[in-house]
Structure formats: C-alpha cells, structure tokens
Amino acid sequence: MADVVWIFNFKRARYTGDSNTTLIKDPCFSKNEKKMVHARIQSPSSILTYKQCPRKYFFQYIMKMPTGKNIHLVRGGIVHKVLELFFQMQGEDLAESFDVTIECLRKRINALFVEEWNARREDVSSLGMPEEQIQFYFEETSMMISQYIEHFIQRLQKAMIKKGISHNAAFDLLKPKTEQHLLSEEHGVQGFIDAIEHIDGKVALMDYKTSKKSYITEEYRLQLGIYALLYKEKTGENAHKVGIHYLTNGRILLDVDQNLVDHAKEEVKAVHNATKSKEIKDYPQNITPLCKWKTGQCDFYEYCFKQKQIAGYSSPASSSPPASSSPDSSLS
Ligand code: SF4
C-alpha cells in the first residue's frame, strides 16, 4: 500500500484524501520539482489521540467510528463561537466613553454567551444530564466568560496607558484574528488557531481552554508547536509567541524557538509513520485511567473490554479493564 503520493505541482495536483493513492512518477519532472504529500492529514487532535492510545486512534481515524459528545466538548464549542462573534466588532463600534464601553463589552459578551448556549440547548439536553448539573455548567461557563472579559478589559486599559491611545484604538490593537485554518501540505498536518494576535509587529498564536489548569502540559506544548509550524509554513515568518488562554486562570505564553518547532515536526512525522497500516493489530491498546473513570468511559471501551465487535474485524483478545479513576479533560 502506498502511503505517500508524489505530485509535481501543488497548485494543479493536490491531496485527495485517499490513503491508497498510487505513487505518481512523472518522467517530465526532476526529483527536485516533485514534492511529497502525506496520504493522511493529521491534526493536533489526531496526534494527541495517537499518543494517548494508538487503539483509540485506529477506531477514530482509521475506522472513522463516531465519537460521543460530552459537556466539555459542547461548552468548548460554545465558548469558541462566543469569542469569534465578540471579535467581529471593530473599535469604531464602541461607545465614546470608556466607562460606557466597558459596560457594553460585558453586556455584549454575556448576551452572546446566552444566545449561543440557547442555540446549543438541544446538544446540551442530549447529554442526558440532570437539570441541576446543566445549570451548574451554564453558571460555571458564564463565570469563565466574565473572567475572560475582565482580563481583556485590563489589557485594554494597559494598552491605552502604555501607548497613549483611545479605547477604540486599543480594542483594534488587541483584537485577534479568530478561527484561522492553516494546513501544511509538506508535513501533512492542519489545525484551527483560535486567535492570532499582531501586536507591535509581534505575532502570538493563542488557544482558548476551558480547562482549570494553570500551566502548559506536554500535550499543549506539542499542540502549540504544531501551530507555530503551520504559521511558519503559511506565512514564511516565525510567530514570536504561542500560548494558552485559560478562561479561568488567564494567559500563559511560550517563546517560539527552533526546539518547539522541531519537536512538533518530529512528532507529526512519527505519527505519520506509525499510522500507515490499516490493521488493528498495529495499533496497541494503551490502558490507562482514560479508558474508564468514575463518571464515564472512552467511546471505544465496549470494543476493547466488552467483546463488542467491529464489522469486518475480529478484534484481538480483550485485556483486563482498567480500574476506574478521574478523567483528564485536558483537551477541552
Ligand atoms: S478503552 Fe482504553 S485501550 Fe481502548 S481505545 Fe479507549 S483508551 Fe484505548
């Protein structure tokens, strides 16, 4: 099975998404004119899934089996949408008075949150949680949004003082580009960057998280490294910083250096190499507390430990199920 396809012109011949694409060898073009495209496009999520458990990657990305929703995913989607809509506003849309403006910013972001929550009400209800639990998550998320806007207002005030500019100009300065899709054909990886900030000629790539962490985990560092790699591929320029904005605990930034980008390249390449096969036996289970925890389980737990069969496959013998523990919802 061919796992890569050689193409001679990115603009005319592009990745087809078919992992069985035949190798194209065109004698009219020299080797240098040919570029390699990976048969499968990875993403930070697929790479982190493989690193968490190759068997999970197999179910999700090779077999393309559906995954369930959970409250962390649903509310992550709501929060991202709210911030995207919030930053569609321009500095010129703000009131003349700074005091009025900050009240309007608070009101506007909270109104957007309530609107988005109501729009996703069906998704939330489909999770089957008791009404009190839904109310808890509504209030907790509303609190995160409020913390976000207070933090943004502080940054706005600092920018006004430091640069001697109006709140309208400060808003335009701090306003990021949101939900940018970037793809690297060379490395076979893509991602959506939540926010790209351009401040004083410096670029920061930010990811929003609803997790209550206040440090950058190895997984997040890899995700940010992939964003730095994608940005460099797209623009030819290095971003200066990457970071996580924890809605509850604020921003943590990292410098973009060669180590960060090289590490991301190596990890992307390693996952491409490890995922050429379509055979379940090549994707071992990694049994950890993320298989099953007190309040839930991995989407594929029944296939791993309860003899549930996948059509067309005889699953390898099940291992012993793991002991229950608390989940790590760090990807939310
Ligand atoms: S249940 Fe555990 S071993 Fe099975 S796919 Fe999920 S994480 Fe991997």
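Of Tyr61, Tyr301, Tyr148, how do they rank once you tally other Cβ atoms within 10 Å and put the fewest first? It would help to have the intermediate numbers written out before the result.
Numbers: Tyr61 19, Tyr301 15, Tyr148 22.
Placing the least packed residue first, the sequence is Tyr301, Tyr61, Tyr148.
Which order results if Glu131, Glu233 are arranged by neighbouring Cβ count within 10 Å, fewest first? Provide the component values of the computation, followed by the final result.
Working: Glu131 8, Glu233 15.
So the residues, fewest neighbours to most, are Glu131, Glu233.
What are the ³J(HN,Hα) values, in whole Hz, obtained from phi via the Karplus relation 6.51 cos²θ - 1.76 cosθ + 1.60 with θ = phi - 60°, for each residue of segment 187-195 in sequence order, with x given for Gly and Pro?
Couplings: 9, x, 8, 9, x, 9, 8, 4, 8 Hz.
For the pair Ile134 and Glu237, what calculated FRET efficiency results from E = 1/(1 + (r/R0)^6), where r is the Cβ-Cβ distance and R0 = 35 Å, to the nearest 0.05? Please list the in-between numbers first.
Values: r = 44 Å, r/R0 = 1.26.
Between Glu237 and Ile134 the formula returns 0.20.
Report the gain in length on full extension from Lys269 to Ile252: 0.36 nm times residue separation, minus Cα-Cα distance, nm rounded to one decimal. Please list the in-between numbers first.
Numbers: separation 17, 0.36 × 17 = 6.12 nm, distance 2.71 nm.
Stretched out fully, the Lys269 to Ile252 stretch lengthens by 3.4 nm.
For every other residue with a beta carbon closer than 14 angstrom to the beta carbon of Glu131, add +1 if it is Lys or Arg and -1 if Asp or Glu, then tell me the sum. Working shown, then result.
Numbers: positive: Arg121; negative: Glu132, Glu139.
Taking every other residue near Glu131 into account, the sum is -1.
For segment 187-291, what is the number of Lys pairs with C-alpha distance below 25 angstrom, counting only pairs 8 or more positions apart or on separate chains?
Lysine pairs meeting the criterion: 21.
Short version: ³J(HN,Hα) in whole Hz for each residue of segment 212-225, in order, from phi by Karplus 6.51 cos²θ - 1.76 cosθ + 1.60 (θ = phi - 60°), x for Gly and Pro, what are they?
For segment 212-225, the Karplus-derived couplings read 8, 5, 9, 9, 9, 6, 4, 5, 5, 4, 5, 4, 5, x Hz, x marking Gly and Pro.
With θ set to phi - 60° and the Karplus curve 6.51 cos²θ - 1.76 cosθ + 1.60, what are the ³J(HN,Hα) couplings of segment 233-243 in order, to the nearest whole Hz, using x for Gly and Pro?
My calculation for segment 233-243 gives 4, 6, 10, x, 10, 7, 6, 8, 9, 10, x Hz in order.
List the residues whose amide H sits under 5 Å from the amide H of Arg120, counting only those 5 or more places along or on another chain, with H placed 1.01 Å from N in the peptide plane.
Those qualifying (amide H under 5 Å, at least 5 residues apart or on another chain) number zero.
If I take R0 = 41 Å and measure r between the Cβ atoms of Thr217 and Gln88 in this structure, what FRET efficiency does the formula 1/(1 + (r/R0)^6) give, to the nearest 0.05? Before the final figure, lay out each step's value.
Working: r = 31 Å, r/R0 = 0.75.
Rounded to the nearest 0.05, the efficiency is 0.85.
Can you tally the net charge around His187? Count Lys and Arg as +1, Asp and Glu as -1, for every other residue whose Cβ sits under 9 Å from the Cβ of His187.
Working: positive: Lys265, Lys269; negative: Glu185, Glu186, Glu233.
After counting each charged neighbour, the total is -1.
So how much slack lies between His72 and Asn286, counting 0.36 nm per residue of separation and subtracting their Cα-Cα distance, in nm? Display every interim value, and only then the final one.
Numbers: separation 214, 0.36 × 214 = 77.04 nm, distance 2.27 nm.
That works out to 74.8 nm of additional length.
Throughout, read-outs are computed from the coordinates displayed, never taken from laboratory work. Bear in mind that the values here come from a model prediction, so they are computed numbers and not experimental data. We place every Cβ from the backbone using ideal geometry, glycine too, and count neighbours over all the protein chains shown.
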